[in-house]
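The values are calculated or read from the model by the stated rules, or taken from the named source; none is laboratory data. Owing to the predicted nature of the structure, the values given are computational and were not obtained by experimental measurement. Heads up, the Cβs are rebuilt from the backbone with ideal geometry, glycines too, and the neighbour counts pull from every protein chain shown.
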Amino acid sequence: MKVKCLLLLLAGFIGVAQADDLPGVVTAQGFGTVDPAMAKTNAQARMLAKRAAQLDAQRQLSEQVKGIELRAGSTVEEYEVKSDIIATRVKTWLQGTVVVDEKVYEQEGTWIAEVVLGICLTNEADICKERESLEAISNAANSQY
């Protein structure tokens, strides 16, 4: 069964977003929605919306950590723009992400999910106390040399 998940892609963040109550954590919010008619059950629709939101949040985090590649092209005829094509690409490896917050709800017959993911830069925040932070990974790598 083919299920179409619509990612609500929002404009990328500029710089690094850190939640005020989570010091040392880079966060990104993702959104996803699924038409219930495309799923066999409401539970499946909820899970698909949540997965779409997680993927969007991962993309947002990747853009913050690694940056994006932007390619654009325009076709001009007789000094008039006939077409514009803009494509973005993110290619990175995310490891150690943590779900900071998630909400899944039904609105106007459609399941909507909001997921906030984070990456621990330091071990300051409670959610990072038992996790390996980017700071710890960097310090371990530097101590080997």
What about Gln29, is it assigned to a helix (DSSP H, G or I), of a type outside the set (D, E, K, R) and within 24 Å of Ile119 (Cα to Cα)? no
Need at least 2 residues that are under 17 Å from Val26 (Cα atoms) and within 13 Å of the chain's Cα centre (by Cα) per element, so show me which strands (runs of 3 or more DSSP E) inside the range 38-137 make the cut, counting only ones lying wholly within it. 97-107, 110-120
Can we say Leu9 is assigned to a strand (DSSP E or B) and at pLDDT below 80? no
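This table checks each residue for (1) touching a Gly at 6+ places or on another chain (Cβ under 8 Å); (2) surrounded by 15 or more Cβ atoms within 10 Å (Cβ to Cβ).
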position: Arg71; (1), (2): no, no
position: Thr75; (1), (2): no, no
position: Ser83; (1), (2): no, no
position: Val104; (1), (2): no, yes
position: Gln107; (1), (2): no, no
position: Cys120; (1), (2): yes, yes
position: Asn123; (1), (2): yes, yes
position: Asp126; (1), (2): no, no
Those residues of the range 24-52 that are modelled with pLDDT under 90 and within 26 Å of Ile68 (Cβ to Cβ) come to a total of 3
Which condition does Asn123 not pass, out of (1) in contact with a Pro (Cβ under 9 Å, 6 or more places away or on another chain); (2) within 29 Å of Asn139 (Cα to Cα), if it passes all the others? (1)
